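The values are calculated or read from the model by the stated rules, or taken from the named source; none is laboratory data. Since the structure is predicted, the reported quantities are computational estimates derived from the model, not experimental observations. Cβ placement follows ideal geometry from the backbone for every residue including glycine, while neighbour counts extend to all protein chains displayed.
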Amino acid sequence: MLIERSMHPDWLSNSFAIADREGGTALFVDSGADVGPLVAAVEAWGAAPAAILRTHSHSDHVVHEHELRARYGIEVVAEPGEWEWGGLRVRGVATPGHSDDMVAFLVDDVVFTGDTLFKDAVGGGDLEQVRSSVMDVFMALPDSTRVLPGHTDETTIGRERGANPFVRVWSGAEPEGTEAVDVGGREATLIVWSPDYDGKGKAWVRFADGTDAIVGGSRVQRR
């Protein structure tokens, strides 16, 4: 499978073009970054675009979608299901948590995880839904599966199984943290701290009333 990536310089959001082969069938995955490099790649491959796969509808992932639709007259696929375009067999799986409409797309040995699973981190949102999407969907995939996330660096399922701080705690490989912190003026316990794609960190915190949340690292004040 042929793959080309474009990344927005400010949002750090990824968009992809994939094709089954030169002269074959192509798909786009998200459209928040400059689609120029993707269009150039598809034309260099001599591939015919068939659809746009949308992981979720946040603006940093769809802002250029209308350009691709106008250029190629292709459909947008944004729901769970199974499809086959040329030699590309695609399965879409609901992975809510960061957003209600989040869908991951599996194509051969690659999974496009949107904003649910990143290298070393997970997406913010409803903690129980994010946990279920990560552990029940992604961690059920083979370790060799390539992970192409909605922001920045590629990784693999095996790497995230062994190194992602959220996954390690959810799997029982590491204990929950106990550090006392403040989050927006509220007392909390820092359960997990991880790097994040924007360099600011990502945290799972538990407030004094027992509620849990995944928050950006900039919101956490360590004592």
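Per-structure values
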| read-out | value |
| --- | --- |
| Tally of residues being more than 25 Å from residue 28 (Cβ to Cβ) and outside any strand (DSSP E or B) across the stretch 146-190 | 22 |
| Count of residues meeting criterion [in contact with a strand residue (DSSP E or B) (Cβ under 7 Å, 6 or more places away or on another chain) and either of a type in the set (Val, Ile, Thr) or in a loop (DSSP other than H, G, I, E, B) (or both)] in the stretch 42-60 | 6 |
| Answer from 173, 140, 188, 180 - the residue that is more than 17 Å from the chain's Cα centre (by Cα), within 30 Å of residue 109 (Cα to Cα) and modelled with pLDDT of 95 or more | 173 |
| Spans of strands (runs of 3 or more DSSP E) in the stretch 69-127 with at least 2 residues over 14 Å from the mean Cα position of the chain (by Cα) and surrounded by fewer than 18 Cβ atoms within 10 Å (Cβ to Cβ) | 75-77, 81-85, 88-94 |
| Scan of the stretch 13-41 for residues that are part of a loop (DSSP other than H, G, I, E, B) and touching a Gly at 6+ places or on another chain (Cβ under 9 Å), ordered by number | 20, 21, 22, 23, 24, 30, 32 |
| Residue 67, sole failed condition from (1) over 25 Å from residue 119 (Cα atoms); (2) in contact (Cβ under 8 Å) with a residue 40 or more places away in the chain | (2) |
